[in-house]
Every structure is written in structure tokens, then in C-alpha cells.
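This report refers to the structure that appears directly beneath it.
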Amino acid sequence: MATEGKVIRCRAAVAWEAGKPLVMEEVEVAPPKSGEVRLKIAATGICHTDSYTLSGSDPEGVFPVVLGHEGAGIVESIGEGVTKFQKGDTVIPLYIPQCGKSLFHFMGCSTFSEYTVVAEISLAKVDHMAPLDKVCLLGCGITTGYGAAVNTAKVEAGSTCAVFGLGALGLAAIMGCQAAGAARIIGVDLNPDKFKTAQEFGATEVVNPKDHSRPIQEVLVEMTDGGVDYSFECVGNVAIMRAALEACHKGWGTSVIIGVAAAGQEISTRPFQLVTGRTWKGTAFGGYKSVESVPKLVEEYMKKKLKVDEFVTHTLPFEKITEGFDLMHAGKCIRVVLQF
Ligand code: NAD
Ligand code: ZN
């Protein structure tokens, strides 16, 4: 049945209001306008940023909205003037903001829907053999954590790194540190259940702040004889952001903020920490240029140089999206992928 040029009625998980559960609704997805592409979503991950926006914490959050930004799918039709894509292409949406429907679009993606329309510039064409229920995670989490290490921090061979928070983002940062040739990678988490996987991903040591009466930065400075060369905050907690900075070696240590803190929170440290030569940075999408980099990351995954399958601990049908959010909140998963 040809759908091109017609409105498609399909299922989407609609966030009607902040703090309310998602509701599975039938929605109308308009044909792509000039410069837009309509795609059939095959799979999508659930990221903390979706939950953050749903909770109402995001000051820029608008409702009603279709959330989701870690998806992969197939081009269903293209709008006027679109030259880089054609029907049948395998694609990963990229979160560059864009509006166009009466339901608000989220991060230019809105992947919690069977069909979605995105701007041509918000799409990366990837290998058509790539398993979409895995590579969808390259649309956010894995790419961000990995890029934070290899692009933003530019971790050097032989260096010592500390990764705070061993969820998907932290594991991806560990993978980046390892790829860059770090000699020591210290994983830090309050939940001891996270340690085994972190070690499988390349952490050489693991530390639980609960096992120490002193601040964790002091413990790390002592363990590393002066501090780490690079640290990564993958929690979203301003106190940990400070600890991650202060765990760095004076003179050259660099700390990268990956976690998204709650609205209104502010970071602090003594200026002395910076004036003695530490650098504090943040990362968005791991410092990658999305359109050109995501297909290359897919290639690296296909050549088994990048772990992706290992991040997927649960695969659920799309209609079980609420169960997926519950698993994430309970800390019981690395990533949940929803299949359509
Ligand atoms: P996650 O919940 O899977 O992992 C967080 C980990 O931190 C958990 O293992 C938890 O036990 C641990 N933790 C909690 N409090 C801690 C503490 N005080 N000390 C040490 N560890 C602690 O989350 P995730 O999916 O890996 O995402 C991590 C963060 O990255 C989130 O804030 C998310 O919003 C953010 N994020 C940022 C970007 C970006 O572009 N910068 C992109 C995606 C996600
Ligand atoms: Zn995300």
C-alpha cells in the first residue's frame, strides 16, 4: 500500500503533560515537507534525557510531545528538494531541534512513534546491513560517552582516567578511554552491581565511595599519586562534578561533564582548583559532527571495533514503553531498546 504523500495514522507514545505517564495514542503523521524526510522507526532506546523532559525538570520542555531520540529506521518517503536520501535508506535520526507538527517534536527526532518526520539535516544514512535494534543506541548514549573520551578529553595513551557513574554513558566513556590506550581506568559507582560490567568494558579498577569515609576525590588522588589525567562525570550530580574535577592532577588534569544535572542546579569549586591548571569541560554528542560521524561509528561496530550489543540488556515491544522507563529508573538495565 503506497503511503507516499498521504497522512499516516500510527501509534505513538504521547507525553500529554509533565510528570504524567506516557499514553499510547493513534497520531497522524503528515507527509514530509520541503527538506524533510518521513521514516518508519524500527527500534529506539530510552535515555535519561527522555525521562528528564517527561518529569517536567527541563525548562525548555514543551507538551504535548512525542519523546525519544535514540532511534533507527527506514526512509518511507522524502519531501521536495531532498537529495541525500531515498525511500528504503537505513537511517539514524540526529538530535538537532526542529518543529513541524501540532504535537511538539522532541530533539528533532521523536522516535517514540511508528513514523516520524525529521529534517534532512537531522539524519545520518548508515549501512543497510546494520541491526537497527542495536545501532539505534549510536543516536545518543554510546556516541556521547565514547566521544567524550576520544574527542572532548582527547585521552592519551598511557594515561590514568576515572569514570564516575557506570551506566551506559560511563561504560561508553570507559570504552573510549580504552580505545585511546589509557593505562588505568578507574570506575566509580555507588552500586556494586555495576562493577562487573565496567570491568568487562575495560575498567582496570573499581571504587565504591560508600567504602570510604573520606571524600572520593581524596581517595582517587591518593590511589593515583596526585590525581588522574582525565575524569568523566556520567551521573548528572553537581557534587560528583566537583569531585571529578578535584580528582584531577594539578597542572594538566581535565574533567569532562557528561551528566545532565537537575534544573536550577549550579556547579562550584574553589577557583584554586582551576588556577592550578585543571580544565573543566562539557560535551554534547561526544564532540562528534553527527552526520559524518554516526555512519563511521556504525562501520566500526560492524567491524567489531566498537561494542554496542553489550549495552542492550533488555529488548521490549514498543507498547511496553512504560516498563522500559521503570527498568531504567530502577537501575536494572544498561539500555532498554523498544522494537516496533
Ligand atoms: P544511568 O542511570 O544508567 O547511570 C548513572 C550511574 O551513576 C548509575 O550506575 C548510578 O548507580 C551511578 N551513580 C548515581 N549516583 C552516584 C554517585 N553519587 N557516585 C557515583 N555513581 C553514582 O545513566 P546514563 O544513561 O549512563 O546517563 C548518565 C547521564 O548522562 C545522565 O545524566 C544523562 O542525562 C546524561 N546524558 C548526557 C548526554 C550529553 O550529551 N552530555 C547525552 C546522554 C545522556
Ligand atoms: Zn540521550
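The values are calculated or read from the model by the stated rules, or taken from the named source; none is laboratory data. Only a predicted model underlies this, so the values are computations on that prediction, with no experimental measurement involved. Note that each Cβ is placed from the backbone with ideal geometry, even for glycine, and that neighbours are counted across all protein chains shown. For the accessible areas, the whole protein counts, side chains as well, though only heavy atoms, and no ligand, DNA or RNA atoms are used. Shrake-Rupley method; radii C 1.70, N 1.55, O 1.52, S 1.80 Å.
Over the C-alpha atoms of the stretch 88-239, the Rg to Rh ratio, Rh being the Kirkwood estimate, stands at 1.07. Computed from Cα atoms, the angle from the helix 168-179 axis to the main principal axis of the chain rounds to 60 degrees. Each Lys or Arg adds one and each Asp or Glu takes one away; over the other residues whose Cβ falls under 15 Å from the Cβ of V206, this sums to -1. Quick one: which residues, 5 or more positions from V336 or on another chain, have an amide H under 5 Å from its amide H? H modelled 1.01 Å from N in the peptide plane, none for Pro or chain starts. For V336, the qualifying residues are I46.
Where a ≥ b ≥ c are the square roots of the eigenvalues of the C-alpha gyration tensor, would you call the stretch 244-299 rounded, which needs a/c under 1.5, or, failing that, prolate if a/b is larger than b/c, or oblate? Note, shape of the stretch 244-299 comes out oblate. Taking all Cα pairs closer than 8 Å and separated by 6 or more residues, the relative contact order of the stretch 1-126 comes to 30 percent. Value of Rg to Rh for the chain, rounded to two decimals, is 0.99; Kirkwood radius and Rg both from alpha-carbon coordinates. With 29 Å as the limit on Cα-Cα distance, the pairs of K101/K304; K134/K194; K6/K307; K87/K296 that go past it are K101/K304; K6/K307.
Once you divide the Cα radius of gyration of the stretch 16-98 by 2.2 N^0.38 Å, the number left is 1.22.
Quick check on the stretch 114-177: what does the Kirkwood estimate of hydrodynamic radius come out to from the alpha carbon pairs, in Å? Taking the inverse mean of 1/r over all distinct Cα pairs, the stretch 114-177 comes out at 13.6 Å. The residues of the chain expose on average 44 square angstrom of accessible surface per residue, using a 1.4 Å probe on protein heavy atoms. Straight-line cross-link partners of K320 among the lysines, defined as a Cα under 17 Å from its Cα and at least 8 positions apart when in the same chain: K20, K332. With the convex hull of the Cα atoms taken as the outline of the stretch 215-282, the averaged projected area works out to 4.1 nm². Taking a Cβ cut-off of under 15 Å around L274, the surrounding Lys, Arg, Asp and Glu residues balance to a net charge of +4, with basic ones at +1 and acidic ones at -1. Remark on G282: its backbone amide H falls under 5 Å from those of I257, a criterion applied only to residues 5 or more positions apart or on other chains, H modelled at 1.01 Å from N.
Residues whose amide H lies under 5 Å from that of I185, counting only those 5 or more places away or on a different chain, are C161, T204, E205; hydrogens are built 1.01 Å from N in the peptide plane.
Within the accessible area of the chain, the carbon and sulfur atoms contribute 53%, probe 1.4 Å, all protein chains present. Is the shape of the stretch 39-158 rounded, prolate or oblate, going by the alpha carbon gyration tensor and its root eigenvalues a ≥ b ≥ c, with a/c under 1.5 for rounded and a/b larger than b/c for prolate? Oblate, since a/c reaches 1.5 and b/c is not below a/b.
Using C-alpha pairs below 8 Å separated by at least 6 residues, the relative contact order for the chain is 16 percent.
With θ taken as phi - 60° and the Karplus curve 6.51 cos²θ - 1.76 cosθ + 1.60 applied, the whole-hertz 3J(HN,Hα) list for the stretch 326-332 is 4, 4, 5, 5, 7, x, 8 Hz, x standing for glycine and proline. Taking label points 7 Å from Cα along the Cα-to-Cβ direction, N191 and N208 give a separation of 1.3 nm. A P(r) calculated from all alpha carbon pairs of the stretch 174-315, with 5 Å bins opening at zero, reads 2, 9, 16, 21, 21, 15, 10, 5, 2, 0 percent.
Given +1 at the Cβ of Lys and Arg, -1 at the Cβ of Asp and Glu and no other charges, the dipole of the stretch 1-155 around its Cα centre is 220 debye to the nearest 20. Only protein heavy atoms count here; on that basis, with a 1.4 Å probe, F318 has an accessible area of about 0 Å². Students often forget the sequence filter, so: which aspartates and glutamates lie under 14 Å Cα-Cα from K210 once same-chain residues fewer than 8 apart are removed? Here the aspartates and glutamates satisfying the reach criterion relative to K210 are D189, D193, E218. Stretching the chain fully between M129 and E26 yields a gain of 34.1 nm (0.36 nm per residue, less the alpha carbon separation). According to the square roots a ≥ b ≥ c of the eigenvalues of the Cα gyration tensor, what is the shape class of the stretch 258-340, taking rounded for a/c under 1.5, prolate for a/b larger than b/c otherwise, and oblate for the remainder? Verdict is oblate for the stretch 258-340.
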